[in-house]
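Since every read-out is calculated from the coordinates, none of them should be taken as a lab result. Treat the numbers as computed from the prediction; the structure is a model and nothing was measured. Here Cβ is always computed from backbone atoms with ideal geometry, including for glycine, and neighbour counts include all displayed protein chains.
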Amino acid sequence: MEAFLQKYDSYKNAVEEGIAKALRGYKEQVPKILMESMEYSALGGGKCIRGVLVLGTGEMLGIDENLLIKYAVAAEMIHASSLIHDDMPCMDNDTMRRGKPCNHIAYGEAVALYAGLGLLNTAYELLLSDCGKEVEIKAAYELMKSAGVKGIMKGQSLDILNEGRKVDFDTLKTIHACKTGALLRAVVVIPAILSGKQEAVESMEIYGENIGTAFQIVDDILDVTASSEDLGKTAGKDLEADKLTYVKIFGVDRAKEMAQEHIDTAISALDSIEGNSSFLKETAEFILNRRK
Ligand code: GRG
């Protein structure tokens, strides 16, 4: 466990340095308040799990970290952008994220709106810079697609449009697979695309889809079992909004079992991978046992 956490932190540091460096490149040309607001959320004390997964999967598949880093940085920028918008009054209307005021509370709604759009666009600029090989463009496309109207935006809009309505389990699964799952799937598929090995792409798709589902089930469980202080965001929001969740349908105990089943499936998908998959196995367990 100790070795896993050290490795996790070293990947996380590399991603955060990459984000800081990428944003520094814009500093002179961007209004100060907008840049501060983008940094506030992109370097805002999250777990950085999407960037870590790009680097961990890439190392397992033998991909050079210098090639991987821009995908890891872009994934975290896209994620931060979605969190800024998710917290705004027209969406989840929250006040706290990662243990501090949400972006729109700290900077106002107009700046927060542009910080979100700014991070999304900066991610795309980064992704399409210096693409030497076709697989690099394919990998960039995979990440951009995961954020779009067939990915995160589809999940979020279905979530918002169904507020206050009774949704069935299939719709719930689609919302989760898009809102949370699409990006978690993309970050592990990207290194496989870069490896040029179709078998690796197929294994990582199964791994990514299953850690994505488990991640959201654990999120649903934490919403009812953890405190706002531990989560760094308002707990009990799902209950308050009367949202359909795994916990609401199945109860906490069965939801925990279901998360475990998805983690087991994700780990089994790594059996056919040639490289050392221990970090990804432990990351899957980390997702299951996380406390925030
Ligand atoms: C701008 C791409 C984009 C989309 C706009 C608002 C919106 C549409 C989508 C919201 C999607 C969303 C917030 C999904 C929830 C995903 C989730 C479980 C977030 C929490 O992730 P953690 O726990 O957070 O990894 P940290 O803080 O650790 O980074």
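Here the ratio of the Cα radius of gyration of the range 71-220 to 2.2 N^0.38 Å is 1.09. Legend: ranking of residues Arg254, Arg165 from fewest to most surrounding C-beta atoms inside 10 Å; resulting order Arg165, Arg254. Run the numbers on the range 148-292 and let me know its relative contact order in percent, using alpha-carbon pairs under 8 Å that are six or more apart. It comes to 24 percent, rounded to a whole number.
Globularity index of the range 38-130 is 1.16 (Cα radius of gyration / 2.2 N^0.38 Å, N = number of residues). Computing FRET efficiency as 1/(1 + (r/R0)^6) for Leu117 and Asp168, where r is the C-beta to C-beta distance and R0 is 41 Å, gives about 0.80. When only alpha carbons are used to place a centre, the range 205-230 and the range 64-80 end up 22 Å from one another. With a simple spin-label model that places each label point 7 Å from the Cα along the Cα-to-Cβ direction, the separation between Val252 and Lys32 comes to 4.8 nm. If eta is 0.890 mPa s and T is 25 °C, what Stokes-Einstein diffusion coefficient results for the chain, Kirkwood Rh from Cα pairs, in µm²/s? Translational D for this selection: 128 µm²/s. Compactness ratio for the range 45-99: Cα radius of gyration over 2.2 N^0.38 Å (N = residue count) comes to 1.40. Counting every other Cβ atom within 10 Å of each residue's Cβ, Asp92, Asp64 order from fewest to most as Asp64, Asp92.
Its alpha carbons considered, the range 208-281 gives a radius of gyration followed by a Dmax of 14.6, 46 Å. Ranked for footprinting exposure by Cβ neighbours inside 10 Å, fewest first, Met1, Met96 give Met1, Met96. Magnitude of the charge dipole for the chain, about its Cα centre and with charges confined to Cβ atoms of Lys, Arg (+1) and Asp, Glu (-1), is about 500 debye. Cross-link pairs exceeding 26 Å between alpha carbons, from the set Lys7/Lys145; Lys27/Lys133; Lys179/Lys281: Lys7/Lys145; Lys27/Lys133. Using only alpha carbon pairs under 8 Å that are at least six residues apart, calculate the relative contact order of the chain and give it in whole percent. 18 percent. The GluC sites (Glu not before Pro) of the range 102-173 that meet both conditions, a loop assignment by DSSP and at most 13 other Cβ atoms within 10 Å of the site Cβ, are Glu163.
Just tell me, in residue order, which DSSP H segments of the chain are both 24 angstrom or longer along the helix axis (alpha-carbon based) and at least 0.5 in mean Kyte-Doolittle hydropathy.
Long hydrophobic helices here: 109-127.
Per residue, the Cα convex hull of the range 154-292 amounts to 109 Å³. The simple spin-label model puts a point 7 Å past each Cα toward its Cβ; for Thr225 and Tyr141 those points are separated by 4.1 nm. Estimated purely from DSSP H runs of n ≥ 4, each contributing -39500 (n - 2.57), the mean residue ellipticity at 222 nm for the chain is -23000 deg cm²/dmol once divided by its residues.
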